[in-house]
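The values are calculated or read from the model by the stated rules, or taken from the named source; none is laboratory data. These numbers were taken from a predicted model, which means no experiment stands behind them. Note: ideal-geometry Cβ built from the backbone for every residue, glycine included; neighbour counts use all protein chains shown.
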Amino acid sequence: MNREELKKELNTNRTSAQRQTKPLRKLKKVEQRPKTTVVLNEYRGLHESPSIDISIGDEDERQKRSTEQQTYHGLHEKSEAKRLASENLQKSKIKKSKKDILVKMTSVMLSIAAIITLCLNMPILWYKKSGQPDERVSILTYFKRWQPTIEIEGELEAPTMDLNVDTEIVNEEFTDGLDLPQLIEGQYTVLFLGFDEDVENTDVIWICQFDIAGAKLHILQIPRDSSMLYYTSNPTTKMNSVYSWGDPEISNIQRVVNCVQDCFGIPIDAYITTACFDIRDIVDLIGGIPMHLDNEIIYEADKIIPAGDVKLTGEQAEWFVRFRHEWLQGDIGRVQNQRRFMQAAMKKLMNIVKDEGRLKLYSYLNTIYKNKWIATNMSVEDLSKLADFGSVLEMENVSVDMVPGEDAEYTVADGTTYSIYSIHKRATIDKLNENFRPYQRPMLLSESNIVEFVEESNYSYDLYDDMEMDFEELEHATEPLRDPNMKPGWKED
């Protein structure tokens with residue numbers, strides 16, 4: 001290669017090197033970062049590791065690292081901490097599990113309750129009642145209307161008597177606040193009959209009128225010997241024979257109801273009947289009837305109720321209400337004594353509600369129904385409502401009276417003479433208008449089928465024309481007068 005070629009090659013290489021070489025960047029001044037500072041804590045034992053605080057970077061970074069500083073406390077402490085943490089986690093899971101279970105159970109129970117309520121209120125049953133069209137009702141309504149002992153005596157017919165409702169009181173806006181199947185709004189009247197041991201004669205006849213709007217209860221006792229000439233075929237004509245000897249075309253209970261409505265002008269909404277042996281069971285069920293007896297009562301030689309404060313058993317209660325042998329006024333004395341028992345039984349009812357609660361009272365009613373110790377056309381709901389109403393009555397608002405009259409004799413065609421109770425018609429009508437027809441117009445003499453066997457001008461006495469007493473007076477009443485000549489010969493003085 002000659003000089004010219006060599007020079008050309010050198011120039012070419014220099015130009016290529018210049019093109020590939022970039023100028024140097026201008027260096028920036030960098031502040032010197034602080035050195036890492038190591039802080040050694042005081043050594044505290046072989047089992048402990050020194051705490052190290054390493055501060056790197058700016059102040060914020062140092063503070064952040066300072067808050068995250070951990071202190072080692074030893075292997076056994078770490079295990080304990082882990083155990084406690086595990087237990088706390090387990091407890092939290094258990095609490096959460098229990099809470100979940102409780103929520104689920106509550107949801108299930110509410111769902112079941114909603115389904116049951118829906119089923120109870122769905123019209124799925126046919127309800128049939130004599131004289132009324134069939135209708136679909138719910139289970140709840142069916143139970144409320146249930147009449148468990150209706151088959152014993154049967155349903156009552158609609159009354160044919162003129163109710164003579166006082167429309168000035170009982171108008172469209174008038175209500176007594178108690179939803180009952182009433183013939184007249186404001187009152188509900190129950191006929192109570194107590195049978196003898198043969199379940200043929202009604203020796204106890206009470207008209208119990210609940211004046212619901214007036215918050216009162218009036219009871220009218222009809223002596224069993226009262227003459228009801230047109231309502232029994234029994235030659236004695238006595239009221240207690242109407243049930244068995246009345247109109248054969250109608251039911252036994254309807255015979256007595258018709259007699260009461262026609263003679264006393266009181267519409268009967270419902271009835272209750274019971275036998276003397278059922279009274280025993282009912283009294284024993286509620287735990288006896290506390291009473292005070294002025295003197296001992298000897299029903300029979302081996303059936304004696306001692307004097308003083310006693311709690312009548314069911315058997316003794318039967319003796320008490322049926323006893324009549326020694327009373328000076330015979331059957332009237334028994335009627336007077338029965339009202340004392342009535343007052344004591346009413347007080348017992350109130351004490352049951354006060355001391356044991358209404359649910360206990362309802363359980364007693366359920367037992368009475370279940371064992372058929374009474375017969376009634378009232379539903380479970382009706383009887384419960386009346387029991388509630390009676391349990392809150394003031395004693396001075398409960399009165400008992402007796403049909404006015406006097407002893408008489410009745411002679412039949414064959415010459416046989418019977419002792420009867422002749423009703424004083426005018427005095428009876430006056431008493432009815434005063435206390436037993438609060439929402440009816442006054443009754444006239446001509447509207448009653450009562451037959452008198454003693455004319456008003458020839459009355460021998462009016463001892464029984466005013467026999468009204470309230471329950472407060474009865475609580476302190478003494479026994480009826482006794483006939484010393486009727487004392488048993490074997491009884492010691």
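Of the residues Asp247, Asp211, Asp269, Asp284, which single one is touching a Lys or Arg at 6+ places or on another chain (Cβ under 9 Å) and not hydrophobic (A, V, I, L, M, F, W, C)? Residue meeting the stated conditions: Asp247.
In the set Arg339, Arg322, only one residue is in contact with a Cys (Cβ under 8 Å, 6 or more places away or on another chain) and either surrounded by fewer than 17 Cβ atoms within 10 Å (Cβ to Cβ) or closer than 30 Å to Ser227 by Cα (or both); that residue is Arg322.
The rows are residues; the columns are (1) assigned to a loop (DSSP other than H, G, I, E, B); (2) touching a Phe, Trp or Tyr at 6+ places or on another chain (Cβ under 8 Å); (3) modelled with pLDDT of 95 or more; (4) over 19 Å from Ser384 (Cβ atoms).
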{"position": "Tyr142", "(1), (2), (3), (4)": "no, yes, no, no"}
{"position": "Trp146", "(1), (2), (3), (4)": "yes, no, no, no"}
{"position": "Met161", "(1), (2), (3), (4)": "yes, no, no, yes"}
{"position": "Leu178", "(1), (2), (3), (4)": "yes, yes, no, no"}
{"position": "Val190", "(1), (2), (3), (4)": "no, yes, yes, no"}
{"position": "Asp203", "(1), (2), (3), (4)": "no, yes, no, yes"}
{"position": "His218", "(1), (2), (3), (4)": "no, yes, yes, yes"}
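Quick grid of which residues meet (1) of a type outside the set (A, V, I, L, M, F, W, C); (2) farther than 27 Å from Met467 by Cβ; (3) buried (at least 18 other Cβ atoms within 10 Å of the Cβ):
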site: Gly390; (1), (2), (3): yes, no, no
site: Met395; (1), (2), (3): no, no, no
site: Asp401; (1), (2), (3): yes, no, yes
site: Glu406; (1), (2), (3): yes, no, yes
site: Thr411; (1), (2), (3): yes, yes, no
site: Asp414; (1), (2), (3): yes, yes, no
site: Tyr421; (1), (2), (3): yes, no, yes
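Taking the stated definitions as given, is Ile352 assigned to a helix (DSSP H, G or I), at pLDDT 90 or above, within 30 Å of Arg426 (Cα to Cα) and β-branched (Val, Ile, Thr)? Considered against the rule, which asks whether it is assigned to a helix (DSSP H, G or I), at pLDDT 90 or above, within 30 Å of Arg426 (Cα to Cα) and β-branched (Val, Ile, Thr), Ile352 comes out as no.
Reported count of residues in the range 370-384, each being in contact with a Ser or Thr (Cβ under 7 Å, 6 or more places away or on another chain) and part of a loop (DSSP other than H, G, I, E, B), is 3.
Filter the range 247-264 for residues that are buried (at least 23 other Cβ atoms within 10 Å of the Cβ) and more than 30 Å from Met469 (Cβ to Cβ) and give the result. None - no residue of the range 247-264 is buried (at least 23 other Cβ atoms within 10 Å of the Cβ) and more than 30 Å from Met469 (Cβ to Cβ), so the list stays empty.
In the range 276-298 there is at least one residue that is buried (at least 21 other Cβ atoms within 10 Å of the Cβ), within 27 Å of the chain's Cα centre (by Cα), within 20 Å of Thr376 (Cα to Cα) and not aliphatic (A, V, I, L, M). Restricting attention to the range 198-241, the residues that are among the polar types (S, T, N, Q), more than 18 Å from Arg324 (Cα to Cα) and touching a residue at least 40 places away in the same chain (Cβ under 8 Å) add up to 5.
Glu434 meets the conditions (1) within 42 Å of the chain's Cα centre (by Cα); (2) surrounded by 14 or more Cβ atoms within 10 Å (Cβ to Cβ) in every case but one. The failed one is (2). Checked against (1) β-branched (Val, Ile, Thr); (2) surrounded by fewer than 16 Cβ atoms within 10 Å (Cβ to Cβ); (3) part of a strand (DSSP E or B), Thr367 meets all criteria but (3).
Screening the candidates Tyr231, Tyr271 for the property of being at pLDDT 95 or above, crowded, with 21+ Cβ neighbours inside 10 Å and within 27 Å of Gln316 (Cβ to Cβ) yields one hit, Tyr271.
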